[in-house]
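The values are calculated or read from the model by the stated rules, or taken from the named source; none is laboratory data. What you are looking at is a predicted structure, and each value in this text was computed from that prediction instead of being measured. Here the Cβ positions follow ideal geometry from the backbone for every residue, glycine too, while neighbour counts run over all protein chains shown.
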Amino acid sequence: MHTLTGVARLTLDTNHLAHLRAHHHYDTDDALARAMELHPSQISRVLRGTTDPGVRFVAGLLHAFGPAHLGHLLHATPDQGARP
């Protein structure tokens with residue numbers, strides 16, 4: 001297991017998300033937002049990379065796709081901008 005030192009951030013694997021979206025027929029961001037019980041603008045911000053996935057986004061992924069996919073969808077990475 002990889003150990004992170006310092007502050008970490010969650011990153012979304014958009015390729016895996018695209019695969020799951022196709023499998024579940026969430027063809028639009030609106031459809032995905034409904035499945036995740038989030039506002040479409042929140043989906044858009046995370047997909048564009050203007051905000052990191054937060055607790056509600058993670059909960060939405062769990063709701064829409066189940067826990068089996070969470071480890072493939074989200075990755076903890078060191079925050080390059082963080083100070084020690």
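Figures for the structure shown
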{"quantity": "Residues that are among the β-branched types (Val, Ile, Thr) and either touching a residue at least 60 places away in the same chain (Cβ under 8 Å) or surrounded by fewer than 18 Cβ atoms within 10 Å (Cβ to Cβ) (or both), drawn from the stretch 29-78", "calculated": "Thr50, Thr51, Val55, Val58, Thr77"}
{"quantity": "Unmet requirement for Gly49, which otherwise passes all of (1) on the phi > 0 side of the Ramachandran plot; (2) touching a Gly at 6+ places or on another chain (Cβ under 7 Å); (3) modelled with pLDDT under 95", "calculated": "(2)"}
{"quantity": "Residues of the stretch 19-71 satisfying the condition of being of a type in the set (Ser, Thr, Tyr) and not in a helix (DSSP H, G or I)", "calculated": "Tyr26, Thr28, Thr50, Thr51"}
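Each row is one residue, and each column tells you yes or no for (1) among the polar types (S, T, N, Q); (2) at pLDDT below 95; (3) over 12 Å from the mean Cα position of the chain (by Cα).
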residue: Leu32; (1), (2), (3): no, no, no
residue: Glu37; (1), (2), (3): no, no, yes
residue: Arg45; (1), (2), (3): no, no, no
residue: Ala64; (1), (2), (3): no, no, no
residue: Gly71; (1), (2), (3): no, yes, no
